[in-house]
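Encoded as C-alpha cells, the structure appears first; notes follow it.
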Amino acid sequence: MGPILNALVTLQAIENELRTITLRLQKTRRKVKLQEQRIEQLNAALQAKHEEIKMTRLQSGKLELELKSREEEINKYRVALNNAKTNKDYSAILTRINTDKADKSKLEEQVLTLMGQIETSQGLCRQIEKDLAEETNKLETTKAESAAGVEQLEKNLADIQDRKAEALEAVGPAERELFERLSQRYDGEVLVEVNTPTSRRSTDHTCGGCFMGVTLECVNSLMTRDEVVICPNCGRILVLDKTPAQQPTTS
C-alpha cells in the first residue's frame, strides 16, 4: 500500500478514534442530563400529588359542611317529631328523618373514603420525597464523576483532533474533500475493505460496506497502484487492508 492509500487508512483510523471519543463524551454528559430529568419527574409527581391532596381536602370539606347541614336538619325534624299532633304528621316527619339519616350515612362514607385517599397520597408523597433526596444525592455524585470524565475525554478529543488535522494535511486536496464528504454521508465509515472469495471456485470480490460485487479490475488496481478506487455501488473508498502501516522508527 502506497503513501496515498496509507495516509487515507491512517486518517480513517483517527476518524474512528475521534467518533468513539465523541460518543463517550456525549454519553458521559447525558448521564447528568438523565439524572436531572429524573429529579424533574419526581418534583412534578410530588407537585401533582400535593395538588391532588389539596383538591381532595376541598371536596372533603364540602361534604363535611353538607354533613353538618344534614345533622342540623335531622335535629330540627326531631323537635318537630315531638310536637307532631297527628299520626300522619308524625309518620311524614319520621320518614323524612330516616331519609336524612340514610343520606347522612352515605356522606359519612364518602368523607371516610376521601380521608383514606388523602392518607394514601400523603404516604406516596413521603416516598417521593425520599426518592427525591436519594436521586439528588446521586446527581451530585454523577456530576462529580462526569466532570472528571469529561475533562479527560475533552483532552483526548483535542489530541485526536490535532492528529486528524495533521493526517488531513498528509493527503491531497481532492482526497481530503472526498474523505470529508463521504464521512458525513456514512457517519465516518469512509474506507471499506474488499472481501476476498471464501471459496477457491469463486472469483467474486465484494465491497465490505455495501456487500455488492467489486470487479477484478478494481482489485488489481488496488494491488498495483497507489490511487483512490471507489466502490461503483456505494461510492466509498476501497482498500485491501484498513490497518495503518507502521511508521519506521528513527534511532
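Figures for the structure shown
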| read-out | value |
| --- | --- |
| Hey, D187 in contact with a Lys or Arg (Cβ under 9 Å, 6 or more places away or on another chain) and at positive phi or not | yes |
| Residue in the range 208-216 that is in contact (Cβ under 8 Å) with a residue 60 or more places away in the chain and either farther than 17 Å from N6 by Cα or among the hydroxyl-bearing types (S, T, Y) (or both) present | no |
| Tally of residues being among the charged types (D, E, K, R) and farther than 12 Å from S121 by Cβ across the range 34-75 | 11 |
| Test: L153 is within 30 Å of R19 (Cα to Cα), surrounded by 12 or more Cβ atoms within 10 Å (Cβ to Cβ), touching a Ser or Thr at 6+ places or on another chain (Cβ under 9 Å) and touching a residue at least 24 places away in the same chain (Cβ under 8 Å) | yes |
| Of the criteria (1) loosely packed, with under 13 Cβ neighbours inside 10 Å; (2) in contact with a Gly (Cβ under 6 Å, 6 or more places away or on another chain), which one N195 fails | (1) |
| Candidates L94, L46 - the one that is over 34 Å from the mean Cα position of the chain (by Cα) and assigned by TED's automatic domain parsing to the domain that holds S121 | L94 |
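For every residue, the table says whether it meets (1) among the hydrophobic types (A, V, I, L, M, F, W, C); (2) assigned by TED's automatic domain parsing to the domain that holds E51.
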position	(1), (2)
G123	no, yes
V150	yes, yes
N156	no, yes
Y186	no, no
T206	no, no
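The values are calculated or read from the model by the stated rules, or taken from the named source; none is laboratory data. Just so it is clear, the model here is predicted, and its values are computed rather than measured. Here Cβ is always computed from backbone atoms with ideal geometry, including for glycine, and neighbour counts include all displayed protein chains.
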